[in-house]
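The structure under discussion appears below in the form of C-alpha cells.
Here, each number is a calculation from the coordinates, and none is a lab measurement. None of the values given here were measured: they were computed from a predicted structure. Here the Cβ is made from the backbone with ideal geometry for all residues, glycine too, and neighbour counts use every protein chain on show.
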Amino acid sequence: MTSELRGWLSLLGLCSALVFFPVRAAVLTPEQWVDQELTPSTLSRAQQLAELEWFRQAARPFQGMTLYVISERIDTHWYEANVLAKAFEDITGIRVVHEITGEDDLLRKLVTQLDIGQVIYDAYINDSDLIGTHYRKQSVLSLSRFMASDGAAFTLPTLKLDDFIGLSFGTGPDAELYQLPDQQFANLYWYRHDWFQRPDLRQRFRELYGYELGVPANWSAYEDIAEFFSEKVRELDGKRVYGHMDYGRTDPSLGWRISDSWLSMAGMGDKGLPNGIPVDDWGIRVDGCRPVGASVARGGAVDSPASIYAIRKFRDWFRYAPPDAKSLNFTEAGKRVTEGQIAQQIFWYTAFVAQASQPGSPVVNPDGTPKWRIAPSPVGAYWEKGMKSGYQDAGSWTLPANVPLERQQAAWLYAQFTVSRTVSLKKTLVGLTPIRRSDIESPIMSEQAAKLGGLVEFYRSKARNYWTPTGTNVPDYPLMSPLWWKMVSRAIEGQEPVRTVMRQLAQAMDEALADSRSGSRQCGAELNPVTDEQIWLQRDGSPKAKRDENPPGITRSYEEAIRAWDR
C-alpha cells in the first residue's frame, strides 16, 4: 500500500488497523521451524519438510516481494501475524505485513478496494458471509478457475480441499469456490456446568419451576434459568451472579449479533440447509437464486411474528444480564464469562474458548478442566426440525480481482501456507478455530477434548453442518449489513416499539435489494409485488403466523444435549 493511499484512507477513517511488522529475528531453517514451532502436525516431519520445500521452490519468482494482507482481531489471526508470517518469510523470501483490525474496518477496506479499483491489500481474510456479494459482483477471483489456470503452478499439491470442513460456505451457486476457509467458530450455548450440577440449586430450581435444571432445549427454559440465577439465586461464592449475558451497544457488532442467525434460532426462516429455502436466516425470500423480498408483504419474513418475537426476547433478556451489558460491544462482552459471574449465555462464540480455558481463570478448575460447557443452542417458539440451528463464522481467504497477477500468485502462496497441513493443527491448538477434518480427528484433539468443554465433540459431530454462515441469498452484504445495527438499536434502546422497527427494517431491506441489482451481473434481485400479508402468513412455511410464544420449558442433561448433535 502506498503512503499516499494510506493517508487518503486515514481521512476516510479506514486506517485503524494494527499493522504487524515482523521482528527482524534470526532466520530459521525449515527444520528449525518444524521442530520449534510447527509441531504437532497430522503430517510426519518428512512430509512437513516436503511441503515447506515446495513453498520455497514455488516462491522463487517472488523473492524480495512484500505482501499486504488483513484480517480481523481474533487469536488465530494474531498467531498468523506474529508467527506464521515470519515463518513464511524465512522459508520463501516473501515478506508479509499482516494487519489485524476490527471486522467493520476490514469490511470497509475491502469494499473500498473493490469499489474504487485501487489495490490496497493483496489478500483479505474476510467472512464467507460475503459469498452472495462476491459471486454476483465477480470482483474477487474464483479460486476454482484460478487454481486451474494462472494459479495452477502455485497451488500446493497437498492442499487437499476435501479435508476442509467449511468449503461449502465459500462456494457460490455456480459451484465455484470463491473463498478458502482459514478459521471457523460457531455460536453455541455456554453455561456453568459446575453450578448446574449443585444439588442445592437443582432442588431449588425444581421446586420453583417444576422441571430439572439442565441444558435448555428451548427459549422458555433459557428464560426460566436466567430469571432463576439473576433474581432467585443472586449470589454464589460471595459474588453477584447473573443468568444471562449479551451486548447491546449501538455498534456494528450489534448488527452481527442479530444477523448471525438470531432470527433463525427463533424459527423465523424456512427448513433446509444451509440457510433456509426459500426464506433464509436474514428473512430474505429467493426464487431460484434471485432475491424477491424481505418484507412479509413480498413473501419475506423480516417483519413477521417470529422476527418480532426474536427481537423482543433479545431486548427483554437484558434485565437478567449485568447492568452494563447494553453498553458493551462484541469484544468487551466476550471477556465477561471468564470473570465467574455468568451462569449461562445463549449465544456465545467459540472463538472465546481460548480465553475461557486459561489456567487460573475463575471458570477453570485447578487441574485445567473447565467449570463450563458448551452445548446446542436453545431454539425459539417458531423453530422446527430441519432448520439451521445457529451461526458459524468462516473467515476465509479472498483474493481481489484487481490485484496484479504476480501478487495474486504470491498472496495465494501465503494463504495456502496458513492453512496447509504442515501448520494447521498447531494453529488450531492456538486459536481453537478448526478448519480441517484431519486436525479435528487427530489424537491430540482427543487428548485436549476434556479441557475444551464440548468444542471437540461439536466439530466431530454432524452439527457443524447445521451451524452455518450467511448464505448466497444476501446479494450485497456491505450494503445491507449496516441496516441491522442502525435500526435494531432503536428497539434495544427503547426509542420505538419492536414491531415498528422491524417494519422499517423490512422496508429498508426491500429498498436495499432493489438497489443491489445495479451491481449484480447474475442472480440479481427481482422484487415480488406488494400483496396482502395474510396471504403469505396463511401459507405453509415462512413467513409464519403468530403462535404460542411461551411453551413449557424443556431441559436436557449435558450428555443428552451433545448426543443431539449427531441426530
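Which order do the peptides 361-370, 302-311, 408-417 come out in when sorted by mean C-beta neighbours inside 10 angstrom, highest first?
302-311, 408-417, 361-370
Which of C523, C289 comes first, and how do the rest follow, when ranked by fewest Cβ neighbours within 10 Å?
Lowest count first: C289, C523.
How would you rank 276-283, 132-139, highest first, on the average number of other Cβ atoms within 10 Å across their residues?
Going from most to least packed, we get 276-283, 132-139.
Looking only at the chain, where both bridge partners belong to it, what percent of the DSSP beta bridges are antiparallel (to the nearest 5)?
In the chain, approximately 75 percent of DSSP beta bridges are antiparallel ones.
Taking the chain as the reference, fit the longest principal axis to its C-alpha atoms, fit the long axis of helix 199-209 to the helix C-alpha atoms, and give the angle between the two in degrees, 0 to 90, nearest 10.
In the chain, helix 199-209 runs at an angle near 50 degrees to the longest axis.
At q = 0.11, 0.16, 0.19 Å⁻¹, what log₁₀ I(q)/I(0) does a Debye calculation on the Cα points of region 77-146 give, no solvent, two decimals?
Those come out to -0.34, -0.70, -0.93, one per q.
Starting from the Cα-Cα distance between T331 and K271, subtract it from 0.36 nm times their residue separation and give me the gain in nm to one decimal.
18.4 nm
How do 33-40, 231-238 rank on mean C-beta neighbours within 10 Å, highest first?
33-40, 231-238
Which residues in region 113-152 have a backbone N closer than 17 Å to a point placed 7 Å from the Cα of T66 along the Cα-to-Cβ line?
Residues 119-123 fall inside that zone.
Let me check against my output: what whole-number percent is the relative contact order of the chain, with C-alpha pairs under 8 Å and at least 6 apart?
Contact order relative to length: 25 percent.
Net charge within 11 Å of T39 by Cβ-Cβ distance, Lys/Arg positive one each and Asp/Glu negative one each, not counting T39 itself?
Local charge sum for T39: 0.
Output the relative contact order of region 155-278, whole-number percent, from Cα pairs under 8 angstrom with separation of 6+ residues.
Rounded, it is 8 percent for region 155-278.
Can you run the Rg to Rh ratio on the chain? Use alpha carbon positions and the Kirkwood inverse-distance Rh.
The Rg/Rh ratio comes out at 0.97.
Against the longest principal axis of the chain, how steep is helix 103-116, in degrees 0 to 90 to the nearest 10, with axes from Cα atoms?
Approximately 60 degrees, to the nearest ten.
Between L161 and E31, what is the FRET efficiency for a Förster distance of 45 Å, r being their Cβ-Cβ separation, to the nearest 0.05?
That gives a FRET efficiency of 0.95.
Enumerate the residues in region 282-316 having an amide nitrogen under 18 Å from the point lying 7 Å beyond the Cα of E231 toward its Cβ.
Counting backbone N atoms under 18 Å from the label point, the list is 312-316.
Does anything in region 380-422 have its amide N under 15 Å from the 7 Å Cα→Cβ label point of Q538, and if so which residues?
The answer is none.
Give me the net charge of V498's neighbourhood, meaning all other residues with Cβ under 11 Å from the Cβ of V498; Lys, Arg count +1, Asp, Glu -1.
+3
Rounding to the nearest 10 and keeping the result within 0 to 90°, find how far the Cα-based axis of helix 498-516 lies from the longest principal axis of the chain.
The angle comes out near 30 degrees.
Within 10 Å of each residue's Cβ, count the other Cβ atoms and sort K427, K451 from fewest upward.
K451, K427
In deg cm²/dmol and to the nearest 500, what is the mean residue ellipticity at 222 nm of the chain if only DSSP H runs of at least 4 residues count, each as -39500 (n - 2.57), divided by the residue total?
-10500 deg cm²/dmol
Which of M245, M387, M268 comes first, and how do the rest follow, when ranked by fewest Cβ neighbours within 10 Å?
Ascending Cβ contact count within 10 Å gives the list M387, M245, M268.
Could you work out the relative contact order of region 230-360, using alpha carbon pairs under 8 angstrom and six or more residues apart, expressed as a whole percent?
The normalised contact order for region 230-360 reaches 32 percent.
Please give the net charge around G93, taking every other residue with its beta carbon less than 12 angstrom from that of G93, where Lys and Arg add +1 and Asp and Glu add -1.
Around G93, the surrounding residues sum to +1.
Between Q57 and Q522, what is the spin-label point distance in nm, taking each point 7 Å from the Cα along the Cα→C-beta axis?
3.5
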